[in-house]
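Asker: Right, I'll just put the structure down here and ask away after.
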Amino acid sequence: QVQLVESGGGLVQAGGSLRLSCAASGQIFSIPVMGWYRQAPGKQRDLVARIFRYGSTNYADSVKGRFTISRDSAKNTVYLQMNSLKPEDTGVYYCAATVNDIDYWGKGTLVTVSS
């Protein structure tokens, strides 16, 4: 079982930056896929970025060039660096891990971008 705890959300003005962190309970190098998802008010939860075991990444088109996902295996932590934030980036950001076809989720951290 994997436990995930997100942190780093908050209120920021448009154009600003935030870095989200996701601390995992186990060795993240053994986790095939970890990712960040976003759920805006009244909308479904959508993928923002994913990082695979050997370091490859992919991003939603809406965040390409602005967000960067990375990980520190020594700290069992995955990060999401968010730059040039826009009001439409507002939402609850969830960290997720997929292990043996089971998805694990954190409780989320709220990001609010004001215009």
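The values are calculated or read from the model by the stated rules, or taken from the named source; none is laboratory data. Just so we're clear, the structure is a prediction, and the values are computed from it rather than from any experiment. Cβ: placed from backbone, ideal geometry, glycine included. Neighbour counts: every protein chain shown. With ligands, DNA and RNA removed, areas are computed over all heavy atoms of the protein, side chains included. Shrake-Rupley method; radii C 1.70, N 1.55, O 1.52, S 1.80 Å.
Asker: Among the residues of segment 41-52, what is the count of those that are surrounded by fewer than 11 Cβ atoms within 10 Å (Cβ to Cβ) and at pLDDT 95 or above?
Answerer: Residues flagged as surrounded by fewer than 11 Cβ atoms within 10 Å (Cβ to Cβ) and at pLDDT 95 or above within segment 41-52 amount to 2.
Asker: From the set of residues in segment 11-28 that are of a type in the set (Ser, Thr, Tyr) and open to solvent by 30 Å² or more (accessible area, probe 1.4 Å), which is farthest from residue 68 (Cα to Cα)?
Answerer: Top of the filtered list is 25.
Asker: Another one. Would you mention how many residues in segment 68-101 are closer than 10 Å to residue 48 by Cβ and at pLDDT below 90?
Answerer: So the count comes out to 0.
Asker: Name the pairs whose Cβ atoms lie under 7 Å apart, with the first residue in segment 33-56 and under 15 Å from residue 77 (Cα atoms), the second open to solvent by 50 Å² or more (accessible area, probe 1.4 Å) and hydrophobic (A, V, I, L, M, F, W, C), and 6 or more positions between them or separate chains?
Answerer: 33/52; 35/47; 53/29
Asker: Additional query: Taking segment 93-106 only, how many residues are in a loop (DSSP other than H, G, I, E, B), out of contact with any strand residue (DSSP E or B) (no Cβ under 7 Å at 6 or more places or on another chain) and open to solvent by less than 40 Å² (accessible area, probe 1.4 Å)?
Answerer: 0
Asker: From the residues in segment 76-92 that are in a loop (DSSP other than H, G, I, E, B) and without any contact (Cβ under 8 Å) to a residue 60 or more places away in the chain, which one is surrounded by the most Cβ atoms within 10 Å (Cβ to Cβ)?
Answerer: Here the answer is 90.
To keep it simple, each residue is scored yes or no on (1) surrounded by 16 or more Cβ atoms within 10 Å (Cβ to Cβ); (2) closer than 16 Å to residue 97 by Cβ; (3) within 12 Å of the chain's Cα centre (by Cα).
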| site | (1), (2), (3) |
| --- | --- |
| 5 | no, yes, yes |
| 9 | yes, no, yes |
| 30 | no, yes, no |
| 39 | no, no, yes |
| 54 | no, yes, no |
| 67 | yes, no, yes |
| 71 | yes, yes, yes |
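Asker: Between residues in segment 6-28 that are closer than 16 Å to residue 49 by Cα and modelled with pLDDT of 95 or more and residues that are open to solvent by 30 Å² or more (accessible area, probe 1.4 Å) and of a type in the set (Lys, Arg), which pairs lie under 8 Å by C-beta distance while being six or more apart or on different chains?
Answerer: 6/107
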